[in-house]
């Protein structure tokens, strides 16, 4: 197995994520699986914060997902803390696994003097191994002592602590215009990024004030446009979790700034989602697949996803090979209406196909030139309607095999 | 790109495929794409032969598929010849592509003195390039002169001529008990092997006598159990074609030997289907994924296919890594009913999980030992019903990337 290096698509530096008033962060090294790095992150929220969650649609959910759903219902969307560990997903661990999630929430709650159901828990890593909760317990004191108002360094440390096969920490923030408030978030994920949520965790914060229902509606809508539009390898995780916490510390109500808040939230979730694709296991190309002319937006999304998930398309992209015939094959298998004899395909600005045949005057060298870059745009018009969608993915390379044929060893 | 070698899962020698009375075969080198090898195959059938066909469900069918559907309807399932070229799929070639398929059928028909709609055409290879029909025309004389009764060498030459990225020729045969008749077939395919037919061509012959309707029913049922149960990379081709030709030359009617014929046909289609998986691009493991306890057989098949298509499962298999957590994740994303807390998983004979948790006393070294072999059995019981299905696949290795990131160049 070759050594894992930072993704060539990684940003040069961790972005200067703005603090969100009221959020305090800490990280610690519990040695759950990794050594020589922090693997637990604690985010403390001020009393009265609202929390919303969107979770994996997997039928084999991990215990922390079950806990979060229960806790958010029991607390009516109130939250005082989020605790996250990497290295062990606490998934497929049965009743003992659920007890471990509850224990972790209770331990944090006791330490902070909060109700247990106001503590959200997330775990990511290997499936089917018992979570060593005593190692998390052992660092709780360190975590609470270490809590400090979230500044740029704190966000980066938190993003690092929640990573598994990630090759760079992921963070993003945006101001909410017309207010002093911000939206800021961190995420992890690079493999098992798939239809309807990725193996990913993302934690987004704002210091606007909003009720839990508003937070839930905004988060669900934003996730649909961002995290649910990315795919690395079509695999869905048992643990996918996105939480939005609103501290209200800015004193400004979201209701007076709804459109601006939604834009800021979308900017942050989209930025984090794209960073996850840019850290796709083995990725060397960031690829936007846009489908137009479909029967509807859902049909367009299904076709775009089929193209984005096709191993043959992804390997051609890895080789900068303008093999658009593989795009045709993917469109054909998507099971959505498409008019073979009106199909049009673009690689970057170069149109390869029109009216169901190779386009006259198509310059393959122009398409290849575009594919030699690392920011790729593919577009397909399927010729039957007005539906449109974009899905983001990466190429499929030897690096993916290296990482996934050796993850546990 | 590393050099392509014969699959480690290939049979030691081409099987001794029995002749089918009445079938004559020939091959020739037309230089359509490849040099130094035969790339066109002609199979001549005696007058009055029945032919049945099963085709890709892709919405972007290749021209030869459209022609075959038309021809079989026009001839009421009569066939005098099958002509196949490799190197160019004649797909996404519009009206000119259809004209090329018609032209090829007409040329063969004229040479053999048969109606054009009794000539079936198949093409496999690159998509979106015009088929150079004049090169096929140029070798028609050679082909017809070369026709000879199908013996073992003839079957092997025919299997070689229709291959593209195949690393070994694929053939199989079986006697029909109680008769002098046989079922024999050849196939090609190694990549783009996917849900509902693979990028594959298969041509199966018998010298039993049967009407076209019987042939169609038997073929459809047999394909459902064989070619539609294999997946290499979840990609579906525009060109998938399976034809069954019954020459009747043995003088024995299939209707008197139906069960024996169906068994022989199933044996041949299953054997060919498994050979295609064994030639899966980059494959080093042949993998049977069996799902039991599903809500129904269709649900079991959907779950088995999701496991078999999971890149994370396939890369773990490549590494002989008993990472059964990835199987849990795949079951969870399949979208079919499964009881997480009753899930049981076996790798070979070793049970890894029971009742939704790692099985007490699970010996990972036994699972690993099984995975170090090249014939792998995975079994999952999802604990909700009686549905069962098996899907066959292979592992995902660096070899797949090598082959598909360099196919056209």
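The values are calculated or read from the model by the stated rules, or taken from the named source; none is laboratory data. Just so we're clear, the structure is a prediction, and the values are computed from it rather than from any experiment. Here the Cβ positions follow ideal geometry from the backbone for every residue, glycine too, while neighbour counts run over all protein chains shown.
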* Asked: If you check residue A:223 against the conditions, is it in contact with a strand residue (DSSP E or B) (Cβ under 6 Å, 6 or more places away or on another chain) and not in a strand (DSSP E or B)?
  -> yes
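Got a sec? Which of B:320, B:250 is touching a helix residue (DSSP H, G or I) at 6+ places or on another chain (Cβ under 6 Å) and surrounded by fewer than 24 Cβ atoms within 10 Å (Cβ to Cβ)? It would help to see each step written out before you state the result.
Details: B:250 fails: touching a helix residue (DSSP H, G or I) at 6+ places or on another chain (Cβ under 6 Å).
One residue alone meets the criteria, B:320.
Given the criterion surrounded by 24 or more Cβ atoms within 10 Å (Cβ to Cβ), within 14 Å of chain B (Cβ to nearest Cβ), modelled with pLDDT under 65 and touching a helix residue (DSSP H, G or I) at 6+ places or on another chain (Cβ under 8 Å), identify the matching residue among A:236, A:231.
On the way: A:231 fails: modelled with pLDDT under 65.
None of the other options fit; the residue is A:236.
For (1) touching a residue at least 24 places away in the same chain (Cβ under 8 Å); (2) facing chain A (nearest Cβ under 8 Å); (3) within 26 Å of residue B:398 (Cα to Cα), each residue gets a yes or a no:
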{"residue": "B:300", "(1), (2), (3)": "yes, no, no"}
{"residue": "B:308", "(1), (2), (3)": "yes, no, yes"}
{"residue": "B:323", "(1), (2), (3)": "no, yes, yes"}
{"residue": "B:327", "(1), (2), (3)": "yes, no, yes"}
{"residue": "B:330", "(1), (2), (3)": "yes, yes, yes"}
{"residue": "B:337", "(1), (2), (3)": "yes, yes, no"}
* Structure fact -> The condition from (1) crowded, with 24+ Cβ neighbours inside 10 Å; (2) within 14 Å of chain A (Cβ to nearest Cβ); (3) in contact with a strand residue (DSSP E or B) (Cβ under 8 Å, 6 or more places away or on another chain) that residue B:55 misses is numbered (1)
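Considering every residue within segment B:246-256, establish whether at least one is at pLDDT below 90 and not in a helix (DSSP H, G or I).
Filtering segment B:246-256 down to residues at pLDDT below 90 leaves none.
There is no residue in segment B:246-256 that is at pLDDT below 90 and not in a helix (DSSP H, G or I).
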* Boolean, residue B:283 is within 20 Å of residue B:229 (Cβ to Cβ) and more than 9 Å from every other protein chain (Cβ to nearest Cβ) -> yes
* Asked: So is residue A:272 away from chain B (no Cβ under 11 Å) and in contact (Cβ under 8 Å) with a residue 40 or more places away in the chain or not?
  -> yes
* Does at least one position in segment A:283-295 carry a residue that is over 18 Å from the mean Cα position of the chain (by Cα) and in a helix (DSSP H, G or I)? -> no
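Kindly state which strands (runs of 3 or more DSSP E) lie completely within segment A:340-404 and contain at least 3 residues that are in contact (Cβ under 8 Å) with a residue 12 or more places away in the chain and within 12 Å of chain B (Cβ to nearest Cβ).
By residue number, no strands (runs of 3 or more DSSP E) qualify.
Among the residues of segment A:8-22, is there at least one that is within 23 Å of the chain's Cα centre (by Cα) and outside any loop (DSSP other than H, G, I, E, B)? Don't jump to the end; show me each part of the working.
Filtering segment A:8-22 down to residues within 23 Å of the chain's Cα centre (by Cα) leaves A:8-20.
Within this subset, residues satisfying the condition of being outside any loop (DSSP other than H, G, I, E, B) are none.
So far as segment A:8-22 goes, no, none of its residues is within 23 Å of the chain's Cα centre (by Cα) and outside any loop (DSSP other than H, G, I, E, B).
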* Asked: Residues of segment A:78-95 being at pLDDT 95 or above and closer than 28 Å to residue B:335 by Cα, which ones?
  -> A:84, A:85
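Which one of B:277, B:242 is buried (at least 24 other Cβ atoms within 10 Å of the Cβ) and in contact with a helix residue (DSSP H, G or I) (Cβ under 9 Å, 6 or more places away or on another chain)? Give the derivation first.
On the way: B:277 fails: in contact with a helix residue (DSSP H, G or I) (Cβ under 9 Å, 6 or more places away or on another chain).
Unique residue meeting the criteria: B:242.
State yes or no: is residue B:201 surrounded by 24 or more Cβ atoms within 10 Å (Cβ to Cβ), more than 14 Å from every other protein chain (Cβ to nearest Cβ) and modelled with pLDDT under 95?
Numbers: surrounded by 24 or more Cβ atoms within 10 Å (Cβ to Cβ): yes; more than 14 Å from every other protein chain (Cβ to nearest Cβ): yes; modelled with pLDDT under 95: yes.
Yes: the conditions hold for residue B:201.
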* To do: Read through the list (1) under 16 Å from residue A:66 (Cα atoms); (2) surrounded by fewer than 23 Cβ atoms within 10 Å (Cβ to Cβ), then give the number of the only condition that residue A:101 fails.
  => (2)
